[in-house]
Amino acid sequence: MSGEGQAGKTLTAVKGTHDILPGEVEVWQKVESETKRWLELYGYKELRAPIIEPTELFQKGTGETTDIVTKEMYTFVDKGGRSITLRPEYTPSVARAIVEHRLDLLGAPMRYYYIGPMFRYDKPQKGRYRQFHQVDVEVFGEKDPALDAEIVEMADGLIRGLGVAEIETLINTVGCRVCRPAFSSALRERAAAVQDRLCGDCRRKMENNPLRIFDCKVEGCREQARSFPKITGFLCAECREHFAAFRGHLDRYGVAYRHDENLVRGLDYYTKTAFEIIDRSGGQQNAVLGGGRYDDMMRDFGGPDLCGIGFALGVERLIARLSIKPEPRRFLYVVHQGEAAKAKAIELARFFRRGGVETLIEFGGRSFRNQFGRAGKLGAAWVLIVGEDETAKGIFQLKDMAAGTQVAGPPDELLKGVRS
RNA sequence: GUGGGUGUAGCUCAAUGGUUAGAGCAUCGGACUGUGGAUCCGAAGGUUGGGGGUUCAAGUCCCCUCACCCACCCCA
């Protein structure tokens, strides 16, 4: 394509965004409906927040130091001079909605889900897009580790239920404000001692987020990281008990998981439980789902002291690993010839649609042969024949395209035949 | 933001620096004006991503640029 401002430029979708066309959209619809059904079995209700939010929401909620906030947000100033951001993630919006509408005073469980687009100004690659879609799940106000286990069991069951078999569920704990500082400084100290053997990125991580050294892909760093202190040795009593109880519940559910001490989450607000579901069949962007607990986020955000836990599932990443073929829809194709028949055909199309049958009628005015050919190619289940004779008698022909059989009758009788 | 790869018809791909850039599939029309996705015949479809350069001559070589793909960073 030609560059900006050049003549002959064709318009294309914005970099990192994609059209989801008929043929593929049916897979999305299936994933969305199955997801909704599954989450609602666990008592979740849909909460729909706007796509745009005040920029400040993410600065406070997601964290000023995160990559998302420092370099990945779509931010603009609106005509009223407000700084607006297309949401890069959903959790802050839910927190805002709870505070704004005082949902915490309703007495109902604060279990929410949402499926929709998120926006991050990343460099696109496989499994990573500038507009992408997440299934987002949030629970606020429940601190029992039984919930942590229930959520992981639900997430695991959702992905398996959709047909991704080669998955692995990873769990870890990242401690809390009481115990993490000691761990961080121990880690920083240890990393500093061997820093000449770490990559540049890790030397940088050493300062602001030493936990992330654990998920570096450079072999030298991985090797060093193996001898680094583990979080489990630093956990406070509360975090230790929480993690033990969480695992106990997972065992009771029979969920297969692996404790990965290197699992850290990218967002600042996580506390205690962290989990991820990855696809084992290879590929780089293999994290299909990630989440954890964030017990301090709501309070830091200026809201009530409510703990929270949740996850986000990447819909594109999930669908890339699915091979489901939705059932083709069965529909009726109306063929007609002549002016009077055309008028009747239009009337009959409406009659069948009102009767609940998907009906397609086209107005090309071609031969019956042509129209039949087209009905066959489009995959019509039935063809309704409306010619001069039929129109005059009020008795029409209905052909079953798969069987090749044909019956005659008045419209209401044919409708019954199609619906049975 | 950093690095690598690829750009030719709607799609998948051909074309030693040398005629008017081709093929398959798809589309449309005809054979075929009351019954099928087949077959045969035909048509349409392109500023070879864009711009500049080298050359008698560029789809092909060089530079720039854009887009897509892949990887890093980070994340879903």
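The values are calculated or read from the model by the stated rules, or taken from the named source; none is laboratory data. All values derive from a computational prediction rather than experimental measurement. For neighbour counting, all protein chains shown are included, and Cβ atoms are generated from backbone atoms with ideal geometry for every residue, glycine included. Please note that ligands, DNA and RNA were not included when accessible areas were found on the heavy atoms of the full protein model with its side chains. Shrake-Rupley method; radii C 1.70, N 1.55, O 1.52, S 1.80 Å.
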Note on the range A:332-419: contact order normalised by length, alpha-carbon pairs under 8 Å, 6 or more apart, percent, works out to 32
Measuring from the longest principal axis of the C-alpha atoms of chain A, the long axis of helix A:91-101 (C-alpha) lies at a number of degrees, nearest 10, equal to 80
For A:LYS15, the accessible surface traced by a 1.4 Å probe with all protein chains present amounts, in square angstrom to the nearest 10, to 120
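What is the Cα radius of gyration of chain A over 2.2 N^0.38 Å, N being its residue count? Please report the intermediate quantities before stating the final value.
Numbers: Rg = 28.3 Å, N = 420, 2.2 N^0.38 = 21.8 Å.
It is 1.30.
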Once the in-chain neighbours fewer than 8 apart are removed, the aspartates and glutamates whose Cα is under 16 Å from A:LYS30 read A:GLU40, A:GLU316, A:GLU327
Expressed as a whole-number percentage, the relative contact order of the range A:138-235 with C-alpha contacts under 8 angstrom and at least six residues apart is 28
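GluC sites (Glu not before Pro), restricted to the range A:105-198: which are DSSP loop and have at most 13 other Cβ atoms within 10 Å?
On the way: sites: A:GLU138, A:GLU142, A:GLU150, A:GLU153, A:GLU166, A:GLU168, A:GLU189; in loops: A:GLU142, A:GLU166.
Filter output for the range A:105-198: A:GLU166.
Rounded to the nearest whole Å², what accessible area per residue is found for chain A with the 1.4 Å probe?
Per-residue value: 52 Å².
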Note: A:PHE363 to A:LYS377 extended length (0.36 nm per residue) minus current alpha-carbon separation gives 3.4 nm
Scalar couplings 3J(HN,Hα) for the range A:238-244 by Karplus 6.51 cos²θ - 1.76 cosθ + 1.60 (θ = phi - 60°), nearest whole Hz, x for Gly and Pro, are 5, 5, 5, 5, 4, 5, 5
Computed over chain A, the relative contact order (Cα-Cα under 8 Å, seq sep at least six) in percent reads 14
Among beta bridges assigned by DSSP with both residues in the range A:332-419, the antiparallel ones amount in percent, to the nearest 5, to 55
In chain A, taking the dipole from +1 charges on Lys and Arg beta carbons and -1 charges on Asp and Glu beta carbons about the Cα centre, the listed residue (A:LEU263, A:ILE20, A:THR85) farthest towards the positive end is A:ILE20
Expressed in angstrom and rounded, the centroid-to-centroid distance over alpha carbons for the range A:383-418 and the range A:251-305 is 59
Computed over the range A:351-407, the Cα gyration tensor eigenvalues, each multiplied by 5 and square-rooted, give semi-axes in Å (largest first) of 16, 15, 13
The Kirkwood hydrodynamic radius of the range A:293-420, taken as the inverse of the mean 1/r over all distinct Cα pairs, in Å, comes to 17.9
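In the range A:332-419, what percent of the accessible surface is made up of carbon and sulfur (1.4 Å probe, ligands and nucleic acids excluded)? Walk me through the numbers before you get to the answer.
Working: 2410 of 4830 Å².
Using a 1.4 Å probe with all protein chains present, the range A:332-419 comes out at 50 percent carbon and sulfur.
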PRE zone check, label point 7 Å out along Cα-to-Cβ of A:CYS199, amide N under 19 Å, scope the range A:67-85, hits A:67-68
In the range A:112-262 the accessible area split gives carbon plus sulfur, as whole percent at 1.4 Å, a share of 46
Karplus-derived 3J(HN,Hα) from phi for the range A:329-339 (6.51 cos²θ - 1.76 cosθ + 1.60, θ = phi - 60°), whole Hz, x at Gly and Pro, runs 6, 8, 9, 9, 10, 9, 9, 8, 8, x, 5
Cross-link reach from A:LYS393 to lysines, straight Cα distance under 27 Å and at least 8 residues apart if same chain, gives A:LYS342, A:LYS344, A:LYS416
For the range A:407-420, Karplus-derived ³J(HN,Hα) couplings (6.51, -1.76, 1.60; θ = phi - 60°; whole Hz; x for glycine and proline) come out as 10, 10, x, x, x, 5, 6, 5, 4, 4, x, 5, 7, 6
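For the full complex of protein chains and a 1.4 angstrom probe, list A:ASP300, A:ASP122 by accessible area with the highest value first. Numbers along the way, then the final one.
Values: A:ASP300 80, A:ASP122 30 Å².
So the residues, ranked largest to smallest area, are A:ASP300, A:ASP122.
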Quick tally, 1.4 Å probe accessible area for A:ARG160, A:ARG87, sorted with the most first, runs A:ARG160, A:ARG87
